[in-house]
Amino acid sequence: MPLVTSKELLAKAKEEHFAIGAFNANNMEQVQAIVEVAQEERAPVILQVSQGAIRYAGLEYAAGLVKLAAASVDVPVVLHLDHGTSFEQNIQCLRAGFTSLMFDGSALPYEENVAITSRVCEIAHAVGIPVEAELGRVLQAKDASPEEVAAAMTDPEQAREFIARTGADSLAVAVGSVHAMRAQEAELDIERIEAIRARTGVPLVLHGSSGVREESIREAIAHGICKINVATYLNQAFVRGLREGLQKYPDEVDPRKFLALAKEYLKEAVREKIRLFGSAGKIGLAGWRSGPAQVRGARPRPAGAVEE
Ligand code: G3H
Ligand code: ZN
């Protein structure tokens, strides 16, 4: 089916207390693996294009892969920009047909984050595309001490003001996770998640989920986390498959042999996450709810052209 926006999916997740997996992909096998599992598990899914993926594959190429993959299944698929770095990049993604954006101004002074997020929202909303923003900062595991992680956490009162001023549709929160951890050891600050949820009312997004304990993820979902980003855990599975393939078939010269195994390993990792997040089975066999409101073409359209 055509791509859908993240707006309705996240609203459903918020209402029904589950989370949608937002999986990073860099190549064809990864994109295919993610949508195949979403289809098998009857789960809505967000495929996100990171800054690394844009450097590796190119924006249009990455977007093209996701559009083709979405067209091959009958569960809803969102094409999302992950950690958008600038106003300009967000507009380029709108033009390329992304159905969900992110402006990450978390490293900027607060007022600058408010100003750019607001501008992105104004333009994206004019064509019916939702925007994720970030407040507080989800750091990188390799250069974050526990004190730095604590100091970078999202302030609930500031989050209330930020959402009111920017109109952002969802908020990435810093609540104890860090990016690119290789073991599931982090505990989230559930009280903080609850406080942000109560003050903002928008679906909350967990970044850096690869390093978070499963129980903490379940609790976070119960308290307002509706979208969960996963990258490192999936890369670990994919590379494990590649390594095993290379060992198992030392004389093989056809790369598809190794890539097929990597894809299978990745599929199992995606399945595990979709089940953990509670999104498996959320799409009935009849497909996504009928009606044009949830389904948008790959290219953004003027709001008036689409029923709300
Ligand atoms: O935006 C992407 C994520 O936050 C992924 O983080 O690599 O720790 O799973 P992760
Ligand atoms: Zn992230």
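The values are calculated or read from the model by the stated rules, or taken from the named source; none is laboratory data. The structure displayed is predicted, hence computed values, not measured ones. A quick note on method: Cβ atoms are made from the backbone with ideal geometry, for glycine too, and the neighbour counts reach across all protein chains shown.
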Just one of the numbered conditions (1) within 16 Å of the chain's Cα centre (by Cα); (2) aliphatic (A, V, I, L, M); (3) not in a helix (DSSP H, G or I) is not true of VAL175; which one?
-> (1)
Does the range 130-145 include one or more residues that are over 30 Å from ILE34 (Cα atoms), outside any loop (DSSP other than H, G, I, E, B) and touching a Leu at 6+ places or on another chain (Cβ under 9 Å)?
-> no
Scan GLY208, GLY224 and give me the residue that is within 14 Å of ligand 1 (Cβ to nearest atom), on the phi > 0 side of the Ramachandran plot, in contact (Cβ under 8 Å) with a residue 60 or more places away in the chain and not polar (S, T, N, Q).
-> GLY208
Qualifying residue in the range 135-151 (condition: crowded, with 24+ Cβ neighbours inside 10 Å and either without any contact (Cβ under 8 Å) to a residue 40 or more places away in the chain or closer than 15 Å to CYS226 by Cβ (or both)) | yes
Which one of these is buried (at least 20 other Cβ atoms within 10 Å of the Cβ) and within 30 Å of VAL37 (Cα to Cα): ALA57, ALA63?
-> ALA63
Working only within the range 37-57, note down all residues that are within 17 Å of the chain's Cα centre (by Cα) and either among the aliphatic types (A, V, I, L, M) or not in a loop (DSSP other than H, G, I, E, B) (or both).
-> VAL37, ALA38, ALA43, VAL45, ILE46, LEU47, GLN48, VAL49, GLN51, GLY52, ALA53, ILE54
Pairs, please: C-beta under 6 Å, at least 6 apart or cross-chain, first residue within 30 Å of MET1 (Cα to Cα) and in the range 93-122, second among the polar types (S, T, N, Q) and within 16 Å of ligand 1 (Cβ to nearest atom)?
-> SER100/SER6; LEU101/ASN90; PHE103/ASN90; VAL120/ASN90
State all residues of the range 195-237 that are within 16 Å of ligand 2 (Cβ to nearest atom) and of a type in the set (Gly, Ala, Ser); if no residue qualifies, say none.
-> GLY208, SER209, SER210, GLY211, ALA220, ALA231
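With ARG182, ARG192, ARG256, ARG240 as the choices, which residue is modelled with pLDDT of 95 or more, more than 16 Å from ligand 2 (Cβ to nearest atom) and closer than 28 Å to PRO146 by Cβ?
On inspection, the qualifying residue turns out to be ARG192.
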